[in-house]
Every structure is written in C-alpha cells, then in structure tokens.
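Please treat every number below as a calculation from the coordinates, not as lab data. Remember, it's a predicted structure, so these values are computed and weren't measured experimentally. Reconstructed Cβ throughout: ideal geometry from the backbone, glycine too, with neighbour counts over all protein chains shown.
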C-alpha cells in the first residue's frame, strides 16, 4: 500500500478535508468508507458523511487517544499486522451494508482498505491515509476492483 491505489490528495488534514468534502458533494458516492484513525477522525471533525469507519487506535503504529465514534453498528475484530483475516474481511462485507458503522480493529487496519474496496458497491469511495503525504481516495469501480483482485491473488494464503 506504499503506492496509492487511487487519487492522492496531498497536504495536512486542514488542506485535504475541504477537498475531500467537495469531492464527496460532487460525486455523491454510493458509500464512503474511511480506513485509519486520522482520516476517520478528520472526516468526523469536518462533517463529511461516512458510512463505515475502520480504526485500530494507532497512528504510525503508536497508540493514540481513544477515538469514540457514535454509529448505528459497532464491530470488533482481530487483524494482526501485515495480514487480512477472514474475520476482518467478513465483518467489512457485513458492515458495508449498514448505513453507519465502525469497526474497531485489535491489531492493524492498514491492509483492510483492500477488502473495503472489493466489498463496496460500485461508485463507493474508500479513503485511507498516506503517511506524511495526505489521503488517498479510491473509487470502487469495476476496473479498480479487478486491479485490487489481482493484488490479492498475488498474496499468500495462510
């Protein structure tokens, strides 16, 4: 995930959130999912409507203050660093159906943008942080899903 999967919006949250808000207003995505604590917190602060937030209470692998998100549905999953567990994938598949949900991850949520993209409806967007650069906005189009599936197929299954 070092190479952005979608459009990179560079800058600090004070710069990226207004651009993201305009993008959401213009494109009216089917769903909006955020992956990561900073982007989840900043969209909340900016008043950007998000259907699913995936957080692990860590930023750059360091503990951060607890992010309390009010949502209709709350899920908790285990997902160790560097992997995507079946539990996490199945939970994302369920949660993208909800109007408003949050998934608290014990472990690491970095790779969970992958199932979020694949399980989202077409025209949904998935937003994740690109450390020290900004945010990445990925539209869950059929073409993007094909590219992400190829990436998944190259991963090893344990």
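Restricting to Cα atoms and excluding each atom paired with itself, what does the Kirkwood estimate give for the range 101-151 in Å?
11.8 Å
When the helix-only estimate is applied to the chain (DSSP H runs of n ≥ 4, each -39,500 (n - 2.57), divided by the residue count), what is the mean residue ellipticity at 222 nm, nearest 500 deg cm²/dmol?
Here the helix-only value at 222 nm equals -10500 deg cm²/dmol.
To the nearest 0.05, how large is the calculated FRET efficiency for residue 68 and residue 7 if R₀ is 30 Å and r is the Cβ-Cβ distance?
0.55
Taking the Cα atoms of the range 19-158, report the difference between the largest and smallest coordinate on each principal axis, in whole Å and largest first.
40, 36, 32
Of all beta bridges DSSP finds with both residues in the chain, what is the antiparallel percent, to the nearest 5?
Roughly 40 percent of the beta bridges in the chain run antiparallel, per DSSP.
Separation between the residue 21 and residue 106 pseudo-spin-labels, each 7 Å from Cα along Cα→Cβ, expressed in nm?
Once both label points are built, they end up 3.7 nm from each other.
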